[in-house]
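Here the structure is laid out as C-alpha cells; the discussion comes afterwards.
No value in this document is a laboratory result; all are computed from the given coordinates. Only a predicted model underlies this, so the values are computations on that prediction, with no experimental measurement involved. Note: ideal-geometry Cβ built from the backbone for every residue, glycine included; neighbour counts use all protein chains shown.
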Ligand SMILES: [Zn+2]
C-alpha cells in the first residue's frame, strides 16, 4: 500500500499600508471608496506615464524581510512581468524577478508541541492589480473594473514547500499576519483582501525501507495552486480537501493535473479554475522607467536595530518576567496592543501589590475590551473585587472558635497527625461563612487557634 505525505508551500500577498500607492501619488487607502476615484495616468497605465518608487513602501518591505530573518539585498531592481489580464491595464505588472529586495529567511511555527522552522525563499515587492467585479445590470451579466487597487504596494512572501499539513500552513500564515501587525506595516485583513494566501499542495509518495534518502526528497511531478481564499478557516478546509482529492487520484494510479483551483465556499470543495500544464512565460525584463537601487549595510543594520520586539521575543520575555503559563502568554501576545496594555496594567498593579497573574486572569477570563477600560481602571476593578472576598479577621476568628468547639473530634484527629482533618475544618468554616472566603486565610486562622 502506498503512503503519501502532503507537501505544502505558501505564497502570501500583503498590501502595505502606505499613504500613497507604489509608483504614484494616489491614495492607497482605497477600501470602501467609490470605484475609480483613486486613479491617475500612472496607475491606469496610460502611455507615457512615468512611475516613481515609493520610498516608504521599500522600507516597509525591508523591515518585514528583516523580521522574517531574510537577507536584505544591497542591490535590487524592479522588473516587468508581462501578461494580459483585464485587471492589468498596462499588460504588465511591475514586480521583481532576479534581484528581489530580500531572500532566504525563515519563520518558526508551532507544529503540535514542537517548534518547526519553515524556510522562506524570497520576499519581494510589486504593485497590486485592479479588481474585477462581476455583476448583473438590466438583466445582462457584465464585468466591471475598479482601478482603485491598481498600484497599491504589495509584498509577496514565498515559502519553501516544507509544511506537511493544513494546521502548519495555517500556523505559518497566522504568524506572518502577526508579524506584519507587530510592525504596523499593514492591517493584513484577509476579509478585506489586504492579506491573501495561496497554498500550493501536492502529495509525495513515501517509500518505506528506502536506503537512499534522495528518493524520499523528490518533489511530486505536479502542483495544485489554491486561490480565492479569504480566511484561515477556508485555507485549512481547502488544503484538507485537496489532500484527500489528490490521494484518491494517486491511489487509482494516476497523477493529478497541474492546475489552479479555487475554494467553493458553498459546496465545501475546490474547483478547477485553469489548468497550468506549462509554466507561464512572463518574459521578465528590467523595468526601464525605474533605476536600480543600492543600499549600504549600515542602512540595513540601522533598520534591523529599529525593529520592535517581535512575537517570539515577547513570548519568551513574558514567560520569564511574569511567570505566566504558555497559554496566558499566547493570548497576551497575540497583538502588540494587548501586550502593551497588559504591561501597563502590571506596572499600575504593582503599586497595589497585584501580581501579573491576577491581572492576566482578569484580562483573559473577563474578556476585557482594552479600548473601553484603561489599564489603571482595570487595576481599580481588581482591587474592588478582591476586597469583597477579603474577610474581616475578627468575624473570622469568632466563626473559627465556634467551628472548633463544635468539631472536637476533628480537632483531636488533627492533633494526632491526621492532615485530612484540617481540610474538613476549613470546609466547615467556609460553610458557616456562606460565601467562599479565601481558604488560605481560613486555614491560617484555624492553625493559629490550634497552636498549643
Ligand atoms: Zn495613481
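Points to keep in mind about this one:
- Where labels lie 7 Å past Cα in the beta-carbon direction, separation of residue 321 and residue 440 in nm: 2.4
- Taking Cα atoms only, the orientation of helix 336-350 departs from the longest principal axis of the chain by about 20 degrees.
- Across every pair of non-identical alpha carbons in region 334-452, the mean reciprocal distance, once inverted, gives a Kirkwood radius of 16.6 Å.
- Largest-first ellipsoid semi-axes for region 309-389, taking √(5λ) over the Cα gyration tensor eigenvalues, angstrom: 21, 13, 11
- Approximate spin-label separation residue 298-residue 114, in nm, with each point projected 7 Å along Cα-to-Cβ: 4.6
- Relative to the longest principal axis of the Cα atoms of the chain, helix 356-365 runs at roughly 70 degrees.
- Prolate is the label for region 393-450. Its Cα gyration tensor axes, ordered a ≥ b ≥ c, give a/c of at least 1.5 and a/b above b/c.
- Length gained on full extension, residue 249 to residue 364: 36.8 nm, using 0.36 nm per residue less the C-alpha separation.
- Region 103-186 pair-distance distribution - Cα-Cα, 10 Å bins, rounded %: 15, 33, 25, 18, 9, 1
- Per-residue ellipticity at 222 nm from helix content only, as computed over the chain with -39500 (n - 2.57) for each DSSP H run of at least four residues, stands at -12000 deg cm²/dmol.
- Projected onto its three principal axes, the C-alpha set of region 243-297 covers 53, 28, 26 Å, listed from the longest axis down.
- Residues 55, 350, ranked from the fewest to the most other C-beta atoms within 10 Å, line up as 55, 350.
- Paramagnetic label reach from residue 83 (point 7 Å along Cα→Cβ; backbone nitrogen cut-off under 18 Å): within region 231-264, residues 258-263.
- With semi-axes defined as the square roots of five times the eigenvalues of the C-alpha gyration tensor, the equivalent ellipsoid of the chain measures 57, 29, 22 Å, largest first.
- Taking the number of Cβ atoms within 10 Å of each Cβ as an exposure proxy, the fewest-first ranking of 11, 309 is 309, 11.
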